[in-house]
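Report on the following structure.
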Amino acid sequence: MIDIHSHPLWEVDDGAKTFEDALAMCQIAAQDGITHLVATPHWNYTYIYSLEENQQKLAELQAAAGAMPKLLLGCDFHLSYDNLLQLAETPLDFTINRSSYLLVEFPEQFVAEQMDRVFYEIQAAGLTPIITHPERNPVFARQTGLLYHWVLHGCLAQVTAQSYTGVFGATPKRLAETWLAGNLIHFFASDAHDTQYRRPVLSDCYRKVAESAGEETAARLLQKNPEAVINDLPLPPQPVPLEPVKGERKRRWFSFLMGGEK
């Protein structure tokens, strides 16, 4: 399996706190069967992304971890005005393994009206946005058609593995299951931050996807699609995304009130 979203670099964001934590995360990933781990430090209003520092720490961590997992660099890129200006100047500094694929993170409070234009500009620059953990974003939970809209317009979607297995609660789990059934998910990733609560583990998710949607789907979302990304290749053929059923949110709320859904 290949994990395109994780935070093992120490003292750069809210991920690994120490070098020992970072090394332990790599060992957990290797034991879980993860062959490639993309370190994706945050770049947002709280954390500054330093390419040189991240590259140096990645090399140091790789030397200590050995051959597996193979460590690659990306960025958990927050969609802010200042970040977008820098992206226009040096886009490959932030993409996954200097490919054309960029992880993009939404604010949790609102979606700006000009976001369609933002994605258009990113794509016009030759980059493919990968929306990170929409199932954990309150805006996407309230406006369940947003993900379908942007997938239809060329964006890709990455859901957290532990959301699908229920660790983050009922709403992220339900959204992950619904979007998987609607062909709106292109990747599952760990978004790992530590060795205890948010670990770099994908095998539980792989097994659940294989059981619910088939081995071919599990391999596509956790092996083949991520492999294409780290090698800067087009994704293999994907199933057609399905538009969410209108009134689904109201139906679920009514069901909850009647005691039929928790």
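Assorted remarks:
- When the square roots of the Cα gyration tensor eigenvalues are ordered a ≥ b ≥ c, the ratio a/c for the range 184-242 is 1.5 or more and a/b does not exceed b/c, which makes its shape oblate.
- Amide proton proximity set for residue 72, modelled H, under 5 Å, gap of 5+: 37, 38, 39
- For the range 92-185, the set of chymotrypsin sites (Phe, Trp or Tyr not before Pro) satisfying both a DSSP loop assignment and a count of at most 11 other C-beta atoms within 10 Å is given as 110.
- Helical mean residue ellipticity (222 nm; -39500 (n - 2.57) per DSSP H run of 4+; nearest 500) of the chain: -11500 deg cm²/dmol
- Among 7, 193, 153, sorting on how many other beta-carbon atoms sit within 10 Å of each Cβ, with the fewest leading, yields 153, 193, 7.
- Evaluated over the Cα positions of the range 1-106, the convex hull gives a direction-averaged projected area, one quarter of its surface, of 6.2 nm².
- Rounded Å value of the spacing that divides the Cα centres of the range 62-137 and the range 193-235: 19 Å
- Here the extension length gained between residue 207 and residue 233 equals 6.8 nm, from 0.36 nm per residue of separation less the Cα-Cα distance.
- Cα-centre dipole for the chain with unit charges at Cβ (Lys and Arg positive, Asp and Glu negative), debye to 20: 1120 debye
- Between the listed residues 242, 127, 102, the Cα displaced farthest toward the positive end of the dipole of the chain, a dipole computed from Cβ unit charges relative to the Cα centre, is found at 242.
- R0 of 35 Å, Cβ-Cβ distance residue 181-residue 82: FRET efficiency to nearest 0.05: 0.40
- Equivalent ellipsoid, the range 2-257 (semi-axes from 5 times Cα gyration tensor eigenvalues, Å): 27, 22, 17
- Sorted by Cβ neighbour density within 10 Å, fewest at the top, the residues 93, 82, 116: 82, 116, 93
- Taking a Cβ cut-off of under 12 Å around residue 92, the surrounding Lys, Arg, Asp and Glu residues balance to a net charge of -2, with basic ones at +1 and acidic ones at -1.
Here, each number is a calculation from the coordinates, and none is a lab measurement. Just so we're clear, the structure is a prediction, and the values are computed from it rather than from any experiment. When we count neighbours, we look across all protein chains shown, and the Cβ atoms used for this are built from the backbone with ideal geometry, even at glycine.
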